[in-house]
Amino acid sequence: MSADQLLQVSSLVKEFKVKTVTGIRSVDQTVHAVSGVSFGVGSGETLGLVGESGSGKSTIGRCVLRLIEPTSGTVRFRGRDLVGMRKEELRALRREMQIVFQDPYASLDPRLTVGSAISEPLDIHRTPGDHGAKVAELLELVGLSPDHASRFPHEFSGGQRQRIGIARALALRPKFLVLDEPVSALDVSIQAGVINLLQDLQNEMGLSYLFIAHDLSVVRHISDRIAVMYLGKIVEVAPSEELHAVPAHPYTEALLSAVPEPDPVVERQRHRMILTGDVPSPINPPSGCRFRTRCPKAAEICAAEEPVLTTISEGHEVACHFPDSTPVSLRGTRS
Amino acid sequence: MDPVLSIKDLRVSFRTPAGTVQAVRGVSLDVQPGELVGIVGESGSGKSVSFLSIMGLLPDTATVTGSAVVAGTEMIGVRADQVRSQRGKKIAMIFQDPLSALNPVHRIGAQIVEMIQAHQDVSREAAHSRAVELLDLVGLPQPDVRAKQYPHEFSGGMRQRVMIAMAIANDPDVLIADEPTTALDVTVQAQILEVIENVRQQLRTAVVFITHDLGVVARIADRVEVMYAGNTAERGLVNDIFAAPNHPYTRGLLSSLPSANRERLKPIIGAPPNMISPPSGCAFRARCEHATDACASAGTALVRVGATETSCIRASELQGSRQ
C-alpha cells in the first residue's frame, strides 16, 4: 500500500468484554469484533466497506475516528497515528475527519434548531468568521434553503434530515468522511438524491469517503474500491468492477449472488450460490479461515491455517486458500 | 379460476390527534390460488395497513370499509370472533420481526402445536409430529431437537423459518408476508426466499409479498402491484412492470435504483404527500414531471396501457411519446 494514502489503518483489533449469563453463572467473554484489519483510503477516493451484521464494519468506522478506542493497531491520518494521541491533538485532527450516521432521526438533537446543530462544530472549534453565513452556505450546499436554519429537525423528512447531517459533517471543511449506512433508512426515491449529493460534494471538495453499507448495489455505485468483511476480517479487496466481475473469495461470490437485482429476466436466469447456516458467533470464531463453516470449498487446511490477504492481480487481494480467478460470468451453476 | 383473495374498494383511516389519516383509499385486488403477488411501495404507501386490516390486526383507532373475501369468507365488517376463526386457517401472516411475534417463554414446538390445535381437532401427539414435519419443510436442521428449544436459541433467519412453519401449519389458502426479509442479511434473505418459494410450490399457497425492495420482487413475484399514497398506481406481470412501466411513479422508482453501469441516479423530486389532507386527483402529481392541470381531477381507476394497468391519465399519451 502506498505511502500517499490519506488514511492508513494497520492491524486494527477491537475486542469487547461481555458478560454472558448461563443459568445462574455469569462468565466473562470476549467479542472479537475486528481482528487485525489493514486498509488504506487515498485522497479523493471512496472505499466501500461491506459485510453482514456483526462483520465489524461499523466498529471499524468508529475506531478510525477514535469514537471508540481500538484494542491494538494503528490508524494513521496524513501519516500521524491517532491511536494513543493526546486529546487536544486528536480534537484538532478531527476537524478533518467527520462522520455521518445511518439514522437521521436519532443523530439530530430535537431541541436544537437546524442552524444551531450545523454551527455547533464551528463553535466548538472556535472557527473565525460569521457562523450564520456559513450555515446558510452549508444548507445551500446540501440542497436545502437557508431559511431552514431556524426550523427544528421534526419539521423535515428523512432525506432532508440526512442532508442536515451531511451539512453538519461538512461544517469544518473536512478532508475525510466516514459514511456509516448513510442511505439505509431512506426510501429508494429519496436515497438516490442523497447518493448524488455525496458524489457531487466529493467532486467539488475533493473528499475521501469510507462508505460503510450492507447494500451492495449502493456500494458498487459509489465506491472506487470495495473491501468485503466477514466476522471481523477483510476477506477480499478489489476495485469495484473487478470485485463484481471476478469475486475470488467464495464469500464474496455468495454475497454478490444473494443480492436480488431489480430485473426479473436476469433474476430468473442467474446462477446463485446460496450459503447454508448462519454467521458463527464472534465470541468463538472458527479456527483458521473464519468462513470455512459455511464454505462449499472448505478443506482441512482451512481449519488449520488462516489464509492471509494475498495480491492476485493489480489492486485485488484475497484471503482464501482456494481463490477463484475465473470471471463469474463463466462459472457454472453450483450450490 | 375464482380468486382466493378478492379485495374490493378497501379503505382504512386512522383517527389521530392531528386529524384523520387516510392510509388506504380504495384498493381493489384479486389474488389467484398459488400466485405470488408482490406489493411494492415506499413507507406510508398503505401496503402493510391494507393487509393488516384484512387480518383484523389494526388498533381501535382504525376505521375499515370495503370488502375482502378470503376463500369465500368476508373478513371486513364482520364480528371479531369470525375474523379470528379464519385467521391462521384460511389466511396467515408473517412479519418483519419474528422475535416479537414469538412467545419467548414457550418452546417452538408447543407454539406450533397451539396453532394447529386452535383450528384442527387433533391430539397433542399428532399435532406435535405435524409441527416437526413443518419445521423440516421450512429447512430447519434437526427439527425434532429444535422443536424443544426456545425462540432466543434461534438466529434471525431460523426464527423467520419458524414463523413460516407456524403460518402454514393449517394449510392456509393465502399467506401474507410483510417485509419478511427486510431485517435479515442478504445471504439469509436468499435462504428465506427459497423457503417461501418451496412452500408455495408444495402447498399451492397464494402468497402476497409486501416489500420496498424491487430486487426481491423481481426475483420472486409473478405479478406486481405498485402502491402510492393509499392507492394502486400500477399493476402488471413482473416482467412488464420492470420492462415497460407506464406510471411515472413506477418509472421514477426504477430509475432511482443504482445500476451496474454507475450512471448518475435520477431521484424522484419532493416527498410523499401528507395523508391527513391528501391532494385532489392524482396523489403523485406534485412530484411528477408530466403533471398537467387535468391531473388535479384525475380518478384512481386503473386503465390498461400497453402491458400494464395504471391510474395515470396521461399514460397512453406518454407511452406514445416515448416510442
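The values are calculated or read from the model by the stated rules, or taken from the named source; none is laboratory data. Note that the structure is a prediction, hence the values are computed from the model and not measured. Neighbour counts run over all protein chains shown; Cβ positions are idealised from the backbone, glycine included. Accessible surface is based on the protein model in full, side chains and every heavy atom, while ligands, DNA and RNA are left aside. Shrake-Rupley method; radii C 1.70, N 1.55, O 1.52, S 1.80 Å.
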Quick one: angle between helix A:158-170 and the longest Cα principal axis of chain A, in degrees between 0 and 90, rounded to 10, please. 80 degrees
Percent antiparallel among DSSP beta bridges with both residues in the protein assembly as shown, to the nearest 5? 65 percent
Taking a 1.4 Å probe, which of B:208, B:78 shows the most accessible area, and what order do the others take after it? B:78, B:208
Gaussian network model of chain A, springs between alpha carbon atoms under 10 Å - residue of A:98, A:29, A:269 with greatest fluctuation: A:269
Taking only the alpha carbons of the stretch A:1-139, the radius of gyration and the largest Cα-Cα distance, Dmax, both in angstrom, are 18.4, 61
Suppose the Debye formula is applied to equal point scatterers at every Cα of the stretch B:226-318; what is log10 I(q)/I(0) at q = 0.11, 0.17, 0.20 Å⁻¹? -0.31, -0.73, -0.98
For residue A:214 the rounded accessible area (nearest 10 Å², probe 1.4 Å, non-protein molecules ignored) is 90 Å²
Below 8 Å, C-alpha to C-alpha, sequence gap of six or more: please give me the relative contact order for chain B in percent. 20 percent
With a 21 Å threshold on alpha-carbon distance, the violating pairs from A:57/B:266; A:17/A:57; A:175/A:233; A:134/B:266 are A:57/B:266; A:175/A:233; A:134/B:266
If I build a Gaussian network model for chain A, linking alpha-carbon pairs within less than 10 angstrom, which residue out of A:235, A:100, A:27 has the largest mean-square fluctuation? A:27
Any idea what Rg and Dmax come out to for the stretch B:1-112 if you just take the C-alpha atoms, in Å? 15.2, 45
Listing of the stretch A:48-66 residues, each with accessible area lower by at least 40 Å² in the full protein assembly than in the chain alone (probe 1.4 Å): A:52
Can you run the Rg to Rh ratio on chain A? Use alpha carbon positions and the Kirkwood inverse-distance Rh. 0.99
P(r) for the stretch B:5-221, please, calculated from all Cα pair distances in 10 Å bins and given in %. 8, 34, 36, 19, 3, 0
What Kirkwood hydrodynamic radius, in Å, does the stretch B:165-284 give when the mean of 1/r is taken over all pairs of distinct Cα atoms and then inverted? 16.4 Å
To the nearest 10 degrees, how steeply does helix A:131-141 sit against the main Cα axis of chain A, on a 0 to 90 scale? 50 degrees
Between residue B:231 and residues 5 or more places away or on another chain, which pairs have amide H atoms under 5 Å apart, with H built 1.01 Å from N, and which residues are they? B:25
To the nearest 10 square angstrom, how much accessible area does residue B:182 have with a 1.4 angstrom probe? 50 Å²
For residue A:43, other-chain or 5+-apart residues with amide H closer than 5 Å (H placed, Pro excluded) are A:6
Residue-level accessible surface for residue B:129, protein heavy atoms, 1.4 Å, Å²: 60 Å²
Note to self: Kirkwood Rh of the protein assembly as shown, Cα pairs, one decimal, Å, is 26.9 Å
Compare each residue of the stretch A:184-198 in its chain alone against the assembly with all protein chains, and report those whose accessible area goes down by 20 Å² or more; 1.4 Å probe, heavy atoms. A:187, A:188, A:189, A:190, A:192, A:196
Note, the stretch A:85-101: 3J(HN,Hα) by Karplus (6.51, -1.76, 1.60, θ = phi - 60°), whole Hz, Gly/Pro = x, goes 6, 5, 4, 5, 5, 4, 4, 4, 6, 5, 4, 8, 10, 10, 9, 10, 8
Residue-normalised accessible area of the protein assembly as shown, expressed per residue, 1.4 Å probe, Å²: 43 Å²
Order the following by accessible area, largest value first: B:84, A:66. Probe radius 1.4 Å; ligands, DNA and RNA are ignored. B:84, A:66
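Beyond 17 Å, what share of the Cα-Cα pairs of the stretch A:154-267 is found? Please give it as a whole percent.
60 percent
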Taking the Cα centre of the stretch B:5-221 as origin, sum charge times position over the Cβ atoms of Lys and Arg (+1) and Asp and Glu (-1), and report the length of that vector in debye to the nearest 20. 380 debye
Apply the Karplus curve 6.51 cos²θ - 1.76 cosθ + 1.60, θ = phi - 60°, to the phi angles in the stretch A:270-287 and return the couplings in whole Hz, x for Gly and Pro. 5, 7, 10, 10, 9, 6, 9, x, 10, 5, x, 6, x, 6, 10, x, x, 6
Taking chain A as the reference, fit the longest principal axis to its C-alpha atoms, fit the long axis of helix A:188-205 to the helix C-alpha atoms, and give the angle between the two in degrees, 0 to 90, nearest 10. 70 degrees
